[in-house]
Amino acid sequence: MNWENPKVYAVKHKNLDTRMESRSGGIFTALSDYCLENGGVVYGCILRDDLTAGHFRAENKQQRNLMRGSKYIQSDMGDTFKNVKNDLDNGHRVLFSGTSCQVKGLKSFLGKEYDNLFCVDIVCHGVPSLAVWKSYLDWQEKRNGGKCISADFRNKKDYGWDSHVETLGIKDKNGKIKKVDSEVFKTIYYTHCALRPACYHCPYKSVMHPGDISIADYWQIDKAAPGFNDNKGVSLVLINNDTAEEIFNKVSGEIDSVSCRIEDSMTLPLREPCKIPARRDEFWEDYHNYDFSKVAAKYGGHGIVPRIKKSIRKLMGKKY
């Protein structure tokens, strides 16, 4: 199979509940279900209790479910590479999911090919600073008088798949949990000012990826497969080799899929890395020298106008 011209599919999991618990179309659940049902283990990213991200080993579907959903921060790998190698050497089937650089890092660490390893890489827009994420949470806690105990980076259930609203759960001193909707961190993220320096030079911002299967939100779906989008999530799937095609065929009973053209599927992360923004130095100077409220206003769109826009979206039927 030609890695420069992968087979492309739009995918929706047939189980709507599964799809709504996912951030795109649920293809990760279908693939990881197959691995678990055949005696394997799954490694992927979860959001930990302190609302940082870390890689985690799952032996069952309940544990795997913690890996669903987008986390727009870098995952702490810990001893994951060593644990994956141990599982592989002991004959376990392993599905490893992560960004392209994490998949490449794992393969470099292993130093040889394993027939019992299957890698799913996430088409990544870029990884923002963990420090900015923590400052954002601290700012929200101060504004709302409580401790942030949960974070949904993209609240699809309330706002639909094509929206991007982060919802925080903040617990006050009386134990009451308040939901706080915001687009501040998302807006900062898409300025590209807070990305890690390496992300501006990422070698995987193309259709060529180190994973067996590459997955992403299918943002070009209305062009690639008109009528397939119901605003509940569609996965873009790139089949990068024969092993991937074989496993994809084995999960076909769990998914609805449409073959698409790569030419109709191209988003920025499939073409080139984000360019270094002209305001990047200015952003970091402001971040280090001012209260986060100024950063939120200047780079995150915080203020009365974004709140009005969000209310209008709700009234126009964006809430599902």
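The values are calculated or read from the model by the stated rules, or taken from the named source; none is laboratory data. Keep in mind it's a predicted model, so treat the numbers as computed, not measured. Neighbour counts are summed over all protein chains in view; Cβ atoms, including those assigned to glycine, are modelled from backbone coordinates with ideal geometry. Ligands, DNA and RNA are excluded from the accessible area calculation, which covers all protein heavy atoms including side chains. Shrake-Rupley method; radii C 1.70, N 1.55, O 1.52, S 1.80 Å.
All conditions but one from (1) out of contact with any Ser or Thr (no Cβ under 7 Å at 6 or more places or on another chain); (2) open to solvent by 20 Å² or more (accessible area, probe 1.4 Å); (3) more than 24 Å from ILE221 (Cβ to Cβ) apply to ASP181; the one that does not is (1).
Report yes if some residue within segment 11-25 is free of Cβ contacts under 8 Å to residues at least 24 places away in the same chain, more than 23 Å from LEU117 (Cα to Cα) and either part of a strand (DSSP E or B) or in contact with a helix residue (DSSP H, G or I) (Cβ under 9 Å, 6 or more places away or on another chain) (or both); otherwise report no. Taking every residue of segment 11-25 in turn, at least one turns out to be free of Cβ contacts under 8 Å to residues at least 24 places away in the same chain, more than 23 Å from LEU117 (Cα to Cα) and either part of a strand (DSSP E or B) or in contact with a helix residue (DSSP H, G or I) (Cβ under 9 Å, 6 or more places away or on another chain) (or both). The residue that is farthest from MET208 (Cα to Cα), counting only those in segment 8-33 that are of a type in the set (D, E, K, R) and surrounded by fewer than 17 Cβ atoms within 10 Å (Cβ to Cβ), is ASP17. Screening ILE46 against (1) out of contact with any Ser or Thr (no Cβ under 8 Å at 6 or more places or on another chain); (2) open to solvent by 60 Å² or more (accessible area, probe 1.4 Å); (3) under 21 Å from SER214 (Cα atoms); (4) without any contact (Cβ under 8 Å) to a residue 40 or more places away in the chain leaves a single unmet condition, (2). The residue list ARG307, ARG279, ARG313 contains one member that is modelled with pLDDT of 95 or more, among the basic types (Lys, Arg) and surrounded by fewer than 17 Cβ atoms within 10 Å (Cβ to Cβ), which is ARG279.
When LEU66, LEU36, LEU106, LEU110 are checked against the criterion of being in contact (Cβ under 8 Å) with a residue 24 or more places away in the chain, among the aliphatic types (A, V, I, L, M) and more than 23 Å from MET208 (Cβ to Cβ), LEU36 stands alone in meeting it. Looking across segment 184-211, just one residue is modelled with pLDDT of 95 or more, open to solvent by 20 Å² or more (accessible area, probe 1.4 Å) and farther than 15 Å from VAL127 by Cβ, and that is THR187. Residues that are assigned to a strand (DSSP E or B) and farther than 17 Å from VAL120 by Cβ within segment 247-269 comprise ASP256, VAL258, SER259, CYS260, listed in sequence order. Sub-7 Å Cβ pairs linking a first residue in segment 262-286 that is free of Cβ contacts under 8 Å to residues at least 40 places away in the same chain to a second residue that is outside any loop (DSSP other than H, G, I, E, B) and open to solvent by 30 Å² or more (accessible area, probe 1.4 Å), at least 6 apart or interchain, are ASP286/LYS294; ASP286/LYS298, ordered by first then second residue. All conditions but one from (1) open to solvent by less than 80 Å² (accessible area, probe 1.4 Å); (2) hydroxyl-bearing (Ser, Thr, Tyr); (3) closer than 18 Å to SER214 by Cα apply to SER293; the one that does not is (3).
Of all the listed residues (CYS124, CYS148), the sole one being among the hydrophobic types (A, V, I, L, M, F, W, C) and farther than 27 Å from THR267 by Cα is CYS148. Counting the residues of segment 54-84 that are open to solvent by 70 Å² or more (accessible area, probe 1.4 Å) and assigned to a helix (DSSP H, G or I) gives 5.
Look at segment 79-94: where a residue is over 16 Å from SER108 (Cβ atoms) and modelled with pLDDT of 95 or more and a partner is open to solvent by 70 Å² or more (accessible area, probe 1.4 Å) and not in a strand (DSSP E or B), sitting 6+ places away or on another chain with Cβ atoms under 7 Å, you get ARG93/ASN38.
With respect to the conditions (1) open to solvent by less than 50 Å² (accessible area, probe 1.4 Å); (2) more than 24 Å from the chain's Cα centre (by Cα), GLU113 lacks only one, and its number is (1).
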